[in-house]
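Readers should treat all values here as calculations from the given coordinates under stated rules, not as data from a laboratory. On a predicted model such as this, the values are computed, not experimentally measured, just so you know. Glycine gets a Cβ as well: all are built from the backbone with ideal geometry, and neighbour counts include every protein chain shown.
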Amino acid sequence: MFEFLGAHVAVKDYLSKAVSENKLPHALLLTGKDQKKKEDLVHVLAAHLLKTNVERIQRGAHPDFYSVRPEGKAGMHAIDSLRILIDEVHNTPFEGVGKVFVLHEADRMQPACSNALLKTLEEPNLDTTLILLTERPSEILPTIRSRTAILSLEIEKPLALPDEAEILLFSLFSHPSIYPKIILEIEKLSSLIEDEDPLKRHQNREALFSAILMWVRDQEARRCKEGAFSLFFPQEKEAGFPLPTIEKMVKEIDEVRDHLLRNISLTTCLDRVIARVVTS
């Protein structure tokens, strides 16, 4: 079924297993620059899920297959179109099998669109599959990415966290038993993230929060045996201690963002977040 994926053996193996065992996630994020390959994959998956032929999907002739693209001169997803899609998610399928929604260039969403989509991902319908396509996964909200199964059709690193900061962050996660002794390392990590330029400081902080969420998401994926291809940090080992859920971490980081707006130091905020991870 997925022979056209060629050298993407891990993706091919994962999808073959997920399809054969009827365990395909309700939300997928397809990344990569090869638009044709991504769309071919969408058509094959949709045809399987809707129990029809690929040609019908390609023609856009199936009433339960929805394809949404950016609009207007700005090339952005319109909130009205997203709301129509979200409303349709909750309607009964025309042919009774299920529904497949495809969001092209999913990175082209304003905050209002992203937030509306996030609510749908948090409360998915069992008979609905949502597929997001993008070349730029780093521009999609971490909270959205964390609720999808990532299928990368090229080798890329979506986060812009400096290498030294990334190494230090993951070393903090690897020593839960000596947490009280690592405050100096947290201070060092903060110094690597903070910058005199307000924009750069904001970008560094968001990259850090994204890395934390993606690491926790990776740990959930490892426990579910999703396969190394879907991991943001495949080089990291499985945590040997209990972790909070991704939902709890999203809430924690949202609260930390509020603290930062009230001029609480990043060191204090990181101390709280990392304690949440390693002492859960």
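GluC sites (Glu not before Pro) within the range 17-109: which are DSSP loop residues with at most 15 other Cβ atoms inside 10 Å? Present the calculation step by step, with values, prior to reporting the outcome.
On the way: sites: GLU21, GLU39, GLU55, GLU71, GLU88, GLU95, GLU105; in loops: GLU21, GLU95, GLU105.
Here the sparse-neighbourhood loop sites are GLU21, GLU95.
Put +1 on the Cβ of each Lys and Arg and -1 on the Cβ of each Asp and Glu in the chain; which of LEU189, MET214, CYS269 then has its Cα farthest toward the positive end of the dipole?
MET214
For a quick check, take a GNM of the chain with Cα springs below 10 Å and name the residue from ARG201, ARG59, ARG222 with the largest mean-square fluctuation.
Per the Cα network of the chain with a 10 Å cutoff, ARG59 tops the list.
Show log10 I(q)/I(0) for the chain at q = 0.10, 0.13 Å⁻¹, two decimals, from a solvent-free Debye sum over equal Cα scatterers.
Each listed q corresponds, in turn, to -0.57, -0.92.
To the nearest µm²/s, what D does Stokes-Einstein give for the range 163-278 at 37 °C and 0.692 mPa s, using the Kirkwood radius over alpha carbon pairs as Rh? It would help to have the intermediate numbers written out before the result.
Numbers: Rh = 14.6 Å.
After rounding, the answer is 224 µm²/s.
Indicate the helices, whole DSSP H runs only, in the chain that combine a mean Kyte-Doolittle hydropathy of -0.5 or more with a Cα extent along their long axis of 20 angstrom or more. Spell out each step's value before the answer.
Numbers: long enough: 35-49 (21 Å, -0.35); 198-223 (38 Å, -0.91); 246-261 (23 Å, -0.38).
Sorted by number, the helices that extend far enough and score high enough are 35-49, 246-261.
Treat every Asp and Glu Cβ in the chain as -1 and every Lys and Arg Cβ as +1, leave all other atoms uncharged, and give the resulting dipole magnitude about the Cα centre to the nearest 20 debye. Mind dumping the intermediate values first?
Working: 36 positive and 43 negative charges, 74 e Å.
The calculation lands at about 360 debye.
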